[in-house]
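Below: one structure, written as structure tokens.
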Amino acid sequence: MSGAKALVESLEREKVEVIFGLPGGAIMPVYDVLLDSKLRHILVRHEQSAAHMADGYARASRKAGVCMATSGPGATNLITGIATAHLDSSPIVAITGQVSTSQIGLDAFQEADMIGIASPVTKYSFQPRRVEDIPVTVKKAFHIASTGRPGPVLIDLPKDVQMDSAEVEFPMKVEVRGYRTDYKPDPGKIGLAADILADSERPLILAGGGVILSNASEELQKVAETILAPVATSLMGKGSIPEDHPLSIGIIGMHGSKEANSLIYEADTLLAVGCRFSDRTTGKLDEFCPTSKVIHIDIDPSEIGKNKCVDLAIISDAKMALEALYRALTKTLTEKKDTAWSRKLKEIKETNAVKAENSGRDLTPPKILKELRRVLPPEAIVTTEVGQNQMWASLYFKVLKPRTFITSGGFGCMGYGFPASIGAKTAVPNVPVVDIAGDGSFMMTENSLATSVTENIPVTVIILNNRMLGMVAQWQRLFYNRRYSAVSLGDVPDFPKLAEAYGAEGLRIGSVEEFSRAVKESLKSEVTTVIDVPIDSEENVLPMVPAGYSLKDVIG
Amino acid sequence: MPKTFIISALVEHKPGVLYKVSNMFWRRGFNIESVAIGTAEQEDLARMTITIKGEEKDAEQLVSQLEKLIDVLKAARLDPQKAVIRELALIKLNAADPKIRSDIFHYVEVFRGRIVDVSPTSAIVEIVGSKDKIDAFINLTRDFGLMEVARTGETALIRGPESVRIDV
Ligand SMILES: Cc1ncc(C[n+]2csc(CCOP(=O)(O)OP(=O)(O)O)c2C)c(N)n1
């Protein structure tokens, strides 16, 4: 069998359903085989979007997403999307064509050193040089991508290896020496953590993306309810607890909620699960919960002590650790009904809720996003672009279920949300998928409209259109004396017309009622809808903690 | 005060691994002093001995970042008190002047080195020992015609049966 056939058959054996990609010279043998395969191929208009689609697919489906590109420029175009998946620990398998082995290193046409370029932004990278190695490589790639702390894996396949033939065997199982995934919680440490938490008067939980990746939301909620701990999340952890839960206090960090950013300073114990204490989450690290005891649960040993020194580290899958912790807690503790700490939480929530009601103008992002929540069913998936739109979404759009909020947290990659929404919709076609966008970000990957229309993958794009690179403008307003440098985008394009040019639907709305109607209509539509929402270009996302400051130093 | 730590790592002996490991050093900003690498007890394994300058927690982070790399099968810190640590250096000196030539012979004896090559105008000295000993010899010869230095970097093993290895 040819190498190309071995690759495609290996993918089929991994139960891959769909590949996002775009062909070119060095991957043509594979594309030829794809014609005769059951695999669905979704043609993108830029390879960056292929990687984002695979990523969105993975986050929505719990399965690794697959993207494909040719060598050289096709492969390097994937890199931004691969790096995005890497920083958010999203499992994707990227397959790139490579020049023939005899040409490697000779600066051949469309040659790029993909192992060299991709290694720092992948969990692992392979370049099989023999047909016989392809099945085991694919098996290893999916195993590595989707187990432990997930992440992107690259398979760079030289063209001659695609064309050569050999007898191949498809392994049922593989072992990767040097790769551990069997991190189980140490019972002694779980006991210790349970004791600390049981003794604590003011415990607080910080849930990161790891809770979502390990599907540990239920366990998280049970632990929180047992010790009556408020639950803050990082941006990546958003949705790990329903945000309408009485113990949920929203996001912590640079654009964290007032509740989260203040309660963290009063907590006496912090239980951090599946999070890496990123600078956007902690603010100035030395001043991040300095007085409390910190317990850190993470599956990646290298995250322990990387950013924050902790009192107790438990290296484990989040779900297993939280399950064990819950069992240990319920042995010693009867469910708390009410504590001074939980009363305080209730109070803070009530005062902030009253304040939030009193804002005047009509088409403000908070109002739009609250209305969006009202209109969408709880299982609807929301993706975001990057900038103010993303931070407004994280502050004002309450997420009710895990894996329904998909955002580029670690890499902050503009242009992510729209292709990711198409990937998510491909994974769960019966669920409404909405991209909350900024005009600048949307323009980075707007050509995915072509893919969504031609492949019949309808999503809704809501552009919070401020005609600005809004977040940069906000920083210039607040920290650079209103000296606006290179942030004005002008009033182009006309987004509804742009959508129509691609065969999608486009509308501009002028009030919350119109918005509401437009979203409802879009959910019924068979094509993608772009809803242009003109907003004030001077609007800030508040509250905000300036970069490098402590979470106490909130503006707004 | 930054200290020097020694880390022994067992890695896959195949193309690309050295790149991936050294790329990680750079990316994570580790202050690496030296890396010595060669085939280990099995053909398909290589042992890297890494010396790093930094704080205790840097050394710990380096070990966990190394172990995170899939091509690294095992990594551990070696206690310098409980390890044999050696480096080999080849040092070429300008030895045209007979007076200098005899000085060199003298120093080589004191440092328990060996002269491994002599020409009418030069000599190559081989010294095995600790990094400090080699540094001292090089510093001493700087004034009389140090021409070229090639050092392996420190390599090390734990004394006694304890070891950094994998079971096969
Ligand atoms: C690819 C990329 N380039 C640049 C940036 C820097 N950046 C962060 S937010 C932002 C502005 C985003 O503008 P827009 O998409 O219109 O969203 P808004 O902030 O206005 O909601 C920029 C340029 C980035 N995050 N990603």
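The values are calculated or read from the model by the stated rules, or taken from the named source; none is laboratory data. A quick note: this is a predicted structure, and the numbers were derived from the prediction, not measured. Note: ideal-geometry Cβ built from the backbone for every residue, glycine included; neighbour counts use all protein chains shown.
Side notes on the structure shown:
- Residue match in region A:29-37 (condition: over 22 Å from A:A420 (Cβ atoms) and either among the polar types (S, T, N, Q) or in contact with a Phe, Trp or Tyr (Cβ under 9 Å, 6 or more places away or on another chain) (or both)): yes
- Cβ-Cβ under 8 Å pairs, at least 6 apart or on other chains, region A:458-472 side away from every other protein chain (no Cβ under 14 Å) and more than 11 Å from A:Q388 (Cβ to Cβ), far side assigned to a loop (DSSP other than H, G, I, E, B) and near the ligand (Cβ under 8 Å from one of its atoms): A:R467/A:L489
- Of the strands (runs of 3 or more DSSP E) lying entirely inside region A:448-556, the ones with 3 or more residues being of a type outside the set (D, E, K, R) and crowded, with 17+ Cβ neighbours inside 10 Å are found at A:460-465, A:529-534.
- Being touching a Phe, Trp or Tyr at 6+ places or on another chain (Cβ under 9 Å), assigned to a helix (DSSP H, G or I) and surrounded by 24 or more Cβ atoms within 10 Å (Cβ to Cβ) is a condition met by at least one residue of region A:1-10.
- Which listed residue is in a helix (DSSP H, G or I), more than 25 Å from A:T383 (Cα to Cα) and in contact with a Ser or Thr (Cβ under 6 Å, 6 or more places away or on another chain), from A:A267, A:A198, A:A224, A:A193: A:A198
- There is no residue in region A:58-65 that is free of Cβ contacts under 8 Å to residues at least 60 places away in the same chain and either crowded, with 24+ Cβ neighbours inside 10 Å or in the same structural domain as A:N215 (by TED's automatic domain parsing) (or both).
- Residue in region A:87-107 that is part of a loop (DSSP other than H, G, I, E, B), over 21 Å from A:I19 (Cβ atoms), in contact with a strand residue (DSSP E or B) (Cβ under 8 Å, 6 or more places away or on another chain) and among the polar types (S, T, N, Q) present: yes
- Tally of residues being under 29 Å from A:A50 (Cβ atoms), hydrophobic (A, V, I, L, M, F, W, C) and within 9 Å of the ligand (Cβ to nearest atom) across region A:443-485: 8
- If you filter region A:108-142 down to residues that are part of a loop (DSSP other than H, G, I, E, B) and more than 11 Å from chain B (Cβ to nearest Cβ), you find that the one that is surrounded by the fewest Cβ atoms within 10 Å (Cβ to Cβ) is A:F109.
- Taking region A:161-190 as the range and being buried (at least 19 other Cβ atoms within 10 Å of the Cβ) and outside any loop (DSSP other than H, G, I, E, B) as the test, the residues that pass are A:V161, A:Q162, A:K189, A:I190.
- Hey, A:T334 within 16 Å of the ligand (Cβ to nearest atom) and either surrounded by 18 or more Cβ atoms within 10 Å (Cβ to Cβ) or assigned by TED's automatic domain parsing to the domain that holds A:I241 (or both) or not: no
- When residues of region A:150-160 are limited to those that are more than 13 Å from chain B (Cβ to nearest Cβ) and not in a loop (DSSP other than H, G, I, E, B), the one nearest to A:D300 (Cα to Cα): A:I155
- Region B:31-66 - residue that is farther than 19 Å from B:I166 by Cβ and of a type in the set (K, R) and, of those, surrounded by the fewest Cβ atoms within 10 Å (Cβ to Cβ): B:K57
- The single condition from (1) in a helix (DSSP H, G or I); (2) modelled with pLDDT of 95 or more; (3) more than 10 Å from chain A (Cβ to nearest Cβ) that B:A36 fails is (1).
- Residue, surrounded by the most Cβ atoms within 10 Å (Cβ to Cβ), within region B:74-110, restricted to residues that are among the small types (G, A, S) and within 30 Å of B:P120 (Cα to Cα): B:A95
- Conditions (1) in a helix (DSSP H, G or I); (2) of a type outside the set (V, I, T); (3) under 27 Å from the mean Cα position of the chain (by Cα); (4) farther than 24 Å from A:P378 by Cβ; number of the one not met by A:A313: (1)
- Condition check for B:V72 on (1) within 14 Å of another protein chain (Cβ to nearest Cβ); (2) under 21 Å from the mean Cα position of the chain (by Cα); (3) at pLDDT below 95: one failure, at (3).
- Selected residue (only one of B:L66, B:L45 is under 20 Å from the mean Cα position of the chain (by Cα), free of Cβ contacts under 8 Å to residues at least 60 places away in the same chain and within 13 Å of chain A (Cβ to nearest Cβ)): B:L66
- Residue selected from region A:414-440 under the condition in a helix (DSSP H, G or I) and under 8 Å from A:T384 (Cα atoms), by the criterion nearest to the ligand (Cβ to nearest atom): A:G417
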